[in-house]
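Input: a single structure, listed below in structure tokens.
The values are calculated or read from the model by the stated rules, or taken from the named source; none is laboratory data. Keep in mind that this is a model prediction, so the values were computed, not measured. When we count neighbours, we look across all protein chains shown, and the Cβ atoms used for this are built from the backbone with ideal geometry, even at glycine.
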Amino acid sequence: MSLKIRKGVPLIDQHDRNGMWGGKFGGNYIPETLKKPIDDLEKLFSKLRKDKKFIEERDYYFKNYVGSPTPFIRLDNLTDYLGGAQVWAKVVSENPGTAHKIYSCIVHCLIAKRSGKRYVCTDTGAGMQGKNLAMVAKKFGLKCKIFMGIRDIERQQKNVIVMKKYGAEVVPVTSGSQTLVDAVSECMRYWVANCDSVHMVIGSTVGPCIFVKISGYSTSQISRELKVQLFEEFGKIPSKLKLLNCVGGGSSAYGFWSEFIDYDKNQIELIGVEAGGSKKSKLHAAPLSNNSKLGILHGAKAYCIQDSDGQIGETESLSSGLDYPSVSPLHCFLKDTGRARYTSATDEEALNAYKLVSEMENISPSLEPSHAFATAISLAPKLSKDTVICVDSCGHSLKDSEIIKSKLGFYTE
């Protein structure tokens, strides 16, 4: 079956009655006990998307709490150094949560309040989702519980300190690989047992269909801003535009691309960069660019890294936020329709990209967007000067300062 994207319809709404994109990706693979809570959430979200007061509230907090729009800047020194294409950045990390996660945290907390729930829970890997939800939950007067793998707690201590500062309870996850995949599992188990009083916030465009939709709806703010900024800067959408984004679960990439999916791919190319892991290891966190097979994880069908028995396989990445064995069904759909292409960058390439960008420009990308910068650095010299490469710098490196210092011997803030 040939998969096609419907023009003029947001991609988050292009699923069938079973929550599947292209009849192949996504769905609601959930226990019976969650059917009613998820049905209720679907009905409420469908109503709120058309609610003028809800939209005004969302936009108020995006403008006055997040500080939208975030900067769109030309990286002059990097462009001159590389030659070829112009390199630009959408510096989403300039918001108070220093990551794109703040958009979905605001929307989820508004939904929680509308549904009369006083508690929110989430998973986190790099700690950005946890930090942002802790901040926003405190702003809205909600109690917050955050599930985080022990390995990630150790390598993301700065964000853990911030979560606790904002009053969140951080629950260490000791099962499995003790990383993001296990944090998501534990968070879902907790929600199954407490869904009457707790609203669950999934940190990316993964999970049952409704959570994919809420996350994508929220982060689309990034591309709405970028579209306006492109017109302000160039007077039009450039005829040769490449939008590069790191891809783990895939929420920042979908948000960065959302407004541009209907454009011809010969004009606007969407490039997702996954975590290729270390050059010294065979392990990675790049299911799309390594031809992984379809599997079911955390309530959805998508491409998953699997072992020879079909079980979810081990992953490896220096970047906690990309260290996940699956990916959003939206990105699976974009790959199979040919609208986006996916590649990967290694740990070493991401570190080198961080070093070059942070030394040359007044931005300091975290290890997640450093993967996208690595691909931009590779592409730019091969392209014409009228080509515009734009990278979503979706996270700040402060959380990675100890890792970067241990690997490079210094840290540039």
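Here are the numbers for this structure:
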item	result
Condition check for GLU368: outside any loop (DSSP other than H, G, I, E, B), surrounded by fewer than 24 Cβ atoms within 10 Å (Cβ to Cβ) and at pLDDT 95 or above	no
Selected residue [closer than 24 Å to GLN229 by Cβ and surrounded by fewer than 19 Cβ atoms within 10 Å (Cβ to Cβ)] from ASN77, ASN95	ASN77
Criterion violated by LYS36 - all others in (1) closer than 22 Å to TYR263 by Cβ; (2) of a type outside the set (Gly, Ala, Ser); (3) at pLDDT below 95 satisfied	(1)
Residue check for LYS282: touching a Leu at 6+ places or on another chain (Cβ under 9 Å), of a type outside the set (S, T, N, Q) and not in a helix (DSSP H, G or I)	no
The lone exception for SER93 - which of (1) touching a Phe, Trp or Tyr at 6+ places or on another chain (Cβ under 8 Å); (2) touching a residue at least 60 places away in the same chain (Cβ under 8 Å) it fails	(1)
Residue check, SER46 among the hydroxyl-bearing types (Ser, Thr, Tyr), without any contact (Cβ under 8 Å) to a residue 24 or more places away in the chain, surrounded by fewer than 14 Cβ atoms within 10 Å (Cβ to Cβ) and farther than 20 Å from GLY216 by Cα	no
Pair list, Cβ under 8 Å, 6 or more apart: region 182-199 residue small (Gly, Ala, Ser), other residue at pLDDT below 95 and surrounded by fewer than 18 Cβ atoms within 10 Å (Cβ to Cβ)	SER185/SER175; SER185/GLY176
Criterion: touching a strand residue (DSSP E or B) at 6+ places or on another chain (Cβ under 8 Å) and at pLDDT 95 or above - qualifying residue of GLY83, GLY26, GLY8, GLY22	GLY26
2 or more residues outside the structural domain of GLU232 (by TED's automatic domain parsing): qualifying strands (runs of 3 or more DSSP E) within region 55-149	119-124, 143-149
Any chance GLY255 is at pLDDT 95 or above, part of a loop (DSSP other than H, G, I, E, B) and crowded, with 24+ Cβ neighbours inside 10 Å	no
Hey, GLU32 within 30 Å of ASN194 (Cα to Cα) and either acidic (Asp, Glu) or not assigned by TED's automatic domain parsing to the domain that holds SER115 (or both) or not	yes
Answer from GLN178, GLN229, GLN221 - the residue that is of a type in the set (S, T, N, Q), over 23 Å from SER68 (Cα atoms) and either in contact with a helix residue (DSSP H, G or I) (Cβ under 9 Å, 6 or more places away or on another chain) or surrounded by fewer than 23 Cβ atoms within 10 Å (Cβ to Cβ) (or both)	GLN178
Candidates SER292, SER317, SER278, filtered to the one that is in the same structural domain as ALA374 (by TED's automatic domain parsing), on the phi < 0 side of the Ramachandran plot and touching a Phe, Trp or Tyr at 6+ places or on another chain (Cβ under 7 Å)	SER292
Failed criterion for ASP262 (all others in (1) farther than 17 Å from ILE222 by Cα; (2) in a loop (DSSP other than H, G, I, E, B) hold)	(1)
Criterion (among the small types (Gly, Ala, Ser), surrounded by fewer than 22 Cβ atoms within 10 Å (Cβ to Cβ) and touching a residue at least 40 places away in the same chain (Cβ under 8 Å)) met by exactly one of SER319, SER281, SER289	SER289
